[in-house]
Amino acid sequence: MTTAPSPTEVEPDPAGAPTGARRSRPADDGDAAGLGRWRATGFVAPALLVIAVFLVFPAIWTLYLGLTNWRLTGLAAAEPEFVGAENYTDALSDPAFRNSLVLTLAFVFFSAIIGQSMLGFALAWTARRLRPAVRSVLETVVLLAWIIPASVVAFLWLALLDRREGTLNALLGTDGTAWLLEYPMQSIIVFNIWNGTAFSMLLFSSALASVPPSQFETAKMAGAGTFATLRDVVLPNIRGHILTNTLLITLWTFNVFAPYLITAGGPQGRTEILGVYIYRVALRDGALGQGAALSLIMIIINLVVASVYLRLLRERRS
């Protein structure tokens with residue numbers, strides 16, 4: 001009776017070597033590319049260097065600044081002192097910071113979670129029924145709003161909302177209405193919806209394309225209406241896409257700075273969202289230490305939000 005060769009045995013040479021010529025099996029050391037440890041490290045080293053220079057070092061430096069009273073000018077700029085957690089306690093007890101955080105949460109909820117998500121899905125749902133040529137034109141127009149530089153977009157919106165010769169007042173017949181003064185928060189919410197809807201539309205278009213057509217046909221044969229089709233067919237299939245889209249646009253909107261270009265945080269701080277508030281504290285007021293502490297608080301909030309969404313996504317997959 002023959003037995004299978006053990007892993008340590010050698011195999012005959014398949015090239016027809018003389019009887020008794022043997023070769024050893026290559027050791028399985030996990031190096032599938034055959035580069036070796038040092039060569040593989042050499043390939044990865046440039047990427048690790050970029051990460052260290054542009055991510056790790058700034059994060060450590062920000063953490064250090066947040067523990068000092070470093071300023072742009074004055075004695076504290078030449079000889080900063082270690083103040084420990086004072087910057088953090090001052091920030092958390094500052095009414096301006098709490099007001100900025102509330103404004104940011106409202107801005108994220110209405111412009112991203114409600115505005116961009118719903119409008120992006122509505123456009124994607126509508127576009128799937130259009131002819132390919134019309135759908136391409138619609139996607140191009142929406143995408144332009146996303147790829148145009150923020151400075152150009154801000155100039156267009158200033159021209160649109162100008163109280164004297166603004167396009168919006170001319171269209172509505174509301175001459176003299178100062179939209180940025182009378183409705184500042186509503187203005188930057190609509191501005192951000194217009195500027196960021198393209199991403200949600202493209203993501204949802206891809207998600208809808210992944211829904212099996214047979215399920216749409218089955219719902220149609222069963223007499224399901226649009227609402228029933230969305231509830232019973234579409235949403236169960238794209239729930240993961242919805243969570244991914246919500247996570248990304250929430251983080252992007254939470255950190256956005258573009259509204260500063262049209263309101264500068266005014267009037268009287270009514271649009272001073274967190275990114276604008278940190279800019280004012282760190283650069284306009286010159287308190288780099290406090291600005292760094294605020295930035296770290298902002299990072300922690302982002303991590304908490306991301307952790308919640310990722311946990312929901314993992315629970316759905318499991």
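The values are calculated or read from the model by the stated rules, or taken from the named source; none is laboratory data. All values reported here derive from a predicted model rather than from experimental measurement. Every residue, glycine among them, receives a Cβ derived from its backbone with ideal geometry; neighbour counts consider all protein chains shown. Keep in mind that these areas ignore ligands, DNA and RNA; they rest on the heavy atoms of the full protein, side chains included. Shrake-Rupley method; radii C 1.70, N 1.55, O 1.52, S 1.80 Å.
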statement: Counting only protein heavy atoms with a 1.4 Å probe and every protein chain in place, the carbon and sulfur fraction of the accessible surface of the stretch 57-188 in whole percent equals 68
statement: Per the charge dipole of the chain (beta-carbon charges, Lys/Arg positive, Asp/Glu negative, Cα centre), the residue among Phe54, Thr271, Ala287 reaching farthest to the positive end is Thr271
field: Using a Förster distance of 41 Å, the FRET efficiency for Met118-Gln268 (Cβ separation, nearest 0.05)
entry: 0.85
- line: With +1 at each Lys and Arg Cβ and -1 at each Asp and Glu Cβ, the charge dipole magnitude of the chain around its Cα centre, to the nearest 20 debye, comes out at 880
query: When you count, for each residue, the other Cβ atoms within 10 Å and take the mean per peptide, how do 273-286, 162-175 rank with the highest first?
result: 273-286, 162-175
- prompt: Going by average Cβ neighbours within 10 Å, how do the peptides 125-134, 225-234 rank, with the highest at the top?
  reply: 225-234, 125-134
task: Calculate, for the chain, the solvent-accessible area per residue in square angstrom, rolling a 1.4 angstrom probe over the heavy atoms of the protein chains.
output: 62
statement: Rounded to the nearest Å, the spacing of the alpha-carbon centers of the stretch 86-150 and the stretch 235-289 is 10
- request: Just reorder Glu86, Glu79, Glu139, Glu272 by solvent-accessible area, largest first, 1.4 Å probe, all chains present.
  value: Glu79, Glu86, Glu139, Glu272
query: Based on DSSP H runs of at least 4 residues, each adding -39500 (n - 2.57), what is the mean residue ellipticity at 222 nm of the chain after dividing by all its residues, to the nearest 500 deg cm²/dmol?
result: -19000 deg cm²/dmol
